[in-house]
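The structure under discussion appears below in the form of structure tokens.
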Amino acid sequence: MIAIVLAVAATATDKVDLRPEADFVVSGIALLGAAVPQLMQTQLTPAHCRWCDGPDNTGLPGTGSQGTLNGVDAWFHDAMTGWLVSRGTANTLSDVVGYVLVPAGAFVGAYTATGPYATTNAGWRAMAIVGESTLVSIALVQGLKFTTVRKRPFVRYGTGDTSGGTYDVDAPDSRLSFGSGHTAIAAGLTFSVATTATIQESEAAPWLWGAAAVSTVSVAALRMMAEKHYFTDVLMGAAVGAGCGVVIPLLHKRGGPLSSDTVSVTAQGAAFAVSGRF
């Protein structure tokens, strides 16, 4: 008799697990929801804003006028735009921190902070959970952007241009302010790492929660300094990312809807027996 054991899921001691057939579906749908709007931005973005806070595709009608912009967003705009560093520098830093440093740190943290009950490939499973959480975060924020169609601060305040540069007021992206994708990614990555580590009873969990807070606030602040987002934009991005970063790992907790037991396949001649929960 030839016994073949396919360990596609975690063993009994692991605190988090994967359910590949379900994870592929969730991640695949989320990837489409994140990528398609971005790739077809020109075709999908309405020609005019829906959440305009003033005249469409123009700056303020007068000096110092706040138009229809709420007081909280107006205050944070005036306080944060160009604070510490210039708008362009803040924009570049937000890309580097949000798209390079935070993802790198998050996946390293997921791989290493697997806790005392982890078995073989636990780090890879944790990384998969973090990736899934982040994809769902991005997809949800993309849906918000293309539903609300809010123009960015630099459009409303008349500080952009029409030359096709970073602050092009005529670009479709200039009407996709709510919520902040950078902030959602940072929160989705870091909160999912911290939640997964907590479930796994890793000693690094408290440090990862602290890193999640610092990373999310830092990216949010840089996006406001760059005049790319209002306070409510980054707040919504943080809420979506953090929410997915907590809920998705909890669904992968052993016994949850996105977890599965080890699948065993025994082969004897032409007969096969499959056991496990699918």
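Numbers below:
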quantity	calculated
Boolean, VAL247 is surrounded by fewer than 18 Cβ atoms within 10 Å (Cβ to Cβ), at pLDDT 95 or above, in contact with a helix residue (DSSP H, G or I) (Cβ under 9 Å, 6 or more places away or on another chain) and not in a loop (DSSP other than H, G, I, E, B)	yes
Every pair of residues 6+ apart whose Cβ atoms lie under 6 Å, when the first sits in the range 200-226 and is on the phi > 0 side of the Ramachandran plot while the second is modelled with pLDDT under 95	GLU201/GLY115
All positions within the range 80-115 that are in contact with a Phe, Trp or Tyr (Cβ under 9 Å, 6 or more places away or on another chain) and polar (S, T, N, Q)	THR81, ASN91
Options GLY59, GLY33, GLY82, GLY64; residue that is small (Gly, Ala, Ser), modelled with pLDDT under 90 and in contact with a helix residue (DSSP H, G or I) (Cβ under 7 Å, 6 or more places away or on another chain)	GLY59
Residue identified as surrounded by fewer than 24 Cβ atoms within 10 Å (Cβ to Cβ) and among the aliphatic types (A, V, I, L, M) among ALA113, ALA184	ALA113
Residue check for ASP73: surrounded by 20 or more Cβ atoms within 10 Å (Cβ to Cβ), under 17 Å from ARG152 (Cβ atoms) and either of a type in the set (A, V, I, L, M, F, W, C) or at pLDDT below 95 (or both)	yes
Those residues of the range 146-174 which are closer than 20 Å to ASP95 by Cβ, charged (D, E, K, R) and surrounded by 24 or more Cβ atoms within 10 Å (Cβ to Cβ), in sequence order	ARG152
Helices (runs of 4 or more DSSP H) lying entirely in the range 89-161 (those with 3 or more residues that are more than 18 Å from VAL240 (Cβ to Cβ) and modelled with pLDDT of 95 or more)	102-112, 122-148
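The values are calculated or read from the model by the stated rules, or taken from the named source; none is laboratory data. Please read all numbers here as calculations on a predicted model, not as lab measurements. Quick reminder, even Gly has a Cβ in these numbers, built from the backbone with ideal geometry, and neighbours come from all protein chains shown.
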